[in-house]
Amino acid sequence: MITLSPTRQHFSATASSRLHRGAWLGVVLVVLWLGFIAYLEMNLVQGAVAIVPNHLLMAAPMAVGVAVLAFMLSRANGSLAEQNGKLARAERAAARLAAELETVLQSITELLVVTDQDGRVVRVNQAFATQAGEGLLNLGREGVQQSGSSSVTREDGAVIPRGEFPHERALAGETVENETIVAHREGAQVYYLVSASPIRDPETGQVSGAVTLMRDISSLKRLERLKDEFLYTVSHELRTPLAVIRGYAELSLSSADHPADETSSLALRRILAEVDQMSGLLEQMLQIARLDAGRMPIDAAEVDLAQLTAAELNVLSITPEYARVVLNLEEGTRRLICRLDRVAYRQVLGNLLSNALKYSPAKSPVVVRISAVKDQAVVSVSDCGSGIPEDELLLIFEKFYRARNAVNSGNIGLGLGLYITGRLVDLLSGRIWVESTLGHGSTFHVAFPLVLA
Ligand code: ADP
């Protein structure tokens, strides 16, 4: 806490009493002077009569001047004292604020680093200094100062290039939110969730530094890995018994498939349908586990998107439900070369089509349109189905998310298909987005960069 110095505290009172004394002294002197002039006049000192009027004339404005001066000085001193009081209060408030801020900074459990505009560390909080020890402090400083350091990478293992560290991006004016970086030290990996913001000069608006917050999420990551491994193992292990159930159900169905045994036949068909559904869900879970573990093989090659799409639709059209899918090739899209993994692309298209069929009335058309927009090939899948509420348009790409109208519709699903689709599109360097009007249908667009000749 900052306190006022005794000099500052007593200045106002001392100066004020001096000024008051000075003003009174001035008044007394003027009175004495006037008395002296009157005495001369009364005693008819020689030449005094000629002198008196002049002195009286001079003395009057002098007296007024001294009085005004004394009054003004007294007023100025009063306002000075008031300003001084305000300043003292402001200083106390600032000191209190600084102490509060310091306590807040020190009690933040996240690791906090403040850097100046040249990227030099100017402040770290207690958590940064003690939570991970001196080693982390050095690592943080190295990471911050030597941005090309290979000891800090992104989550996918890619080294963060110079200028791309969160604090450096903040120094360039960007606000970085919740990005994961990995610190590699002595064979161990520490995961941090990092956010960074620029500090701006309040007057010029220029960036004068950056504040970076890092949260150690290694234990969360470990749990996540365990959960993924568990899901992967369970899904994998359930495949075999499901295949056996399917096999026996099919076998029994072929022998029980006669009019005398209608109930058994119905039951076996039901078993087969349920097994198919379970297999689909298990397949999705396995795929998510592979994607999350970075074990999704991508074998990209140059393909003609229009041709590949047409071929895939041809294969799917064997299934009666897909008979309502129509391909619409825009003019000039006969040859659109992109670098894609065929299997992954087929899955993207398959997921979008099965959703379009699932969430639209039977027999209504589903249109696949292929177009070229600038240097991108765009595949759009449109339906005239239930549509998606506007506030859920972005959420449906999240894991396990289902829009409320889909949940109420009775359509079965886990909310994993679009999450997988989005992740696959990312792996193919593409982009996915949706346009939809509730009750009137949806169009999902997927864009891939064209390979320019
Ligand atoms: P689900 O298994 O529920 O179909 P998805 O991940 O494939 O999971 O889709 C997530 C959600 O997105 C769906 O539950 C649904 O609410 C919405 N959705 C996806 N495609 C469509 C579509 N063509 N029309 C309407 N809603 C859709």
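A short reminder: the numbers here are calculations on the coordinates, not readings from a lab. Note that this is a predicted model, so its numbers are computed, not measured. Counting neighbours? That spans all protein chains shown, and the Cβs are built from the backbone with ideal geometry, glycine included.
Applied to segment 310-317, the Karplus parametrisation 6.51 cos²θ - 1.76 cosθ + 1.60 on θ = phi - 60° returns per-residue 3J(HN,Hα) values of 4, 5, 5, 5, 4, 5, 5, 5 Hz, with x for Gly and Pro. Applying the criteria of a DSSP loop state and at most 10 other Cβ atoms within 10 Å to the GluC sites (Glu not before Pro) of segment 154-241 yields Glu186, Glu203. For a label point 7 Å from the Cα of Leu414 along Cα→C-beta, name the residues of segment 206-232 whose backbone N is under 12 Å from it. The answer is 231-232, whose backbone nitrogens lie closer than 12 Å to the label point. Counting only residues at least eight positions apart within a chain, or on another chain, the lysines with an alpha carbon under 24 Å from that of Lys358 are Lys399. Under 5 Å between amide hydrogens, built in the peptide plane, is the criterion, and for Arg185 it picks out Val190 among residues at least 5 positions away or on other chains. Of the trypsin sites (Lys or Arg not before Pro) found in segment 356-399, the ones in coil according to DSSP and having at most 10 other Cβ atoms within 10 Å of their Cβ are Lys363, Lys374.
Each residue of segment 348-361 was assigned a 3J(HN,Hα) from its phi angle through the Karplus curve 6.51 cos²θ - 1.76 cosθ + 1.60 (θ = phi - 60°); the sequence is 4, 4, x, 5, 5, 5, 5, 5, 4, 6, 5, 9, 10, x Hz, with glycine and proline shown as x.
Distance from the alpha carbon centroid of segment 432-453 to that of segment 301-315 works out to 17 angstrom.
The loop-placed trypsin sites (Lys or Arg not before Pro) in segment 219-325, going by DSSP, that have at most 11 neighbouring Cβ atoms within 10 Å of their Cβ come out as Arg295.
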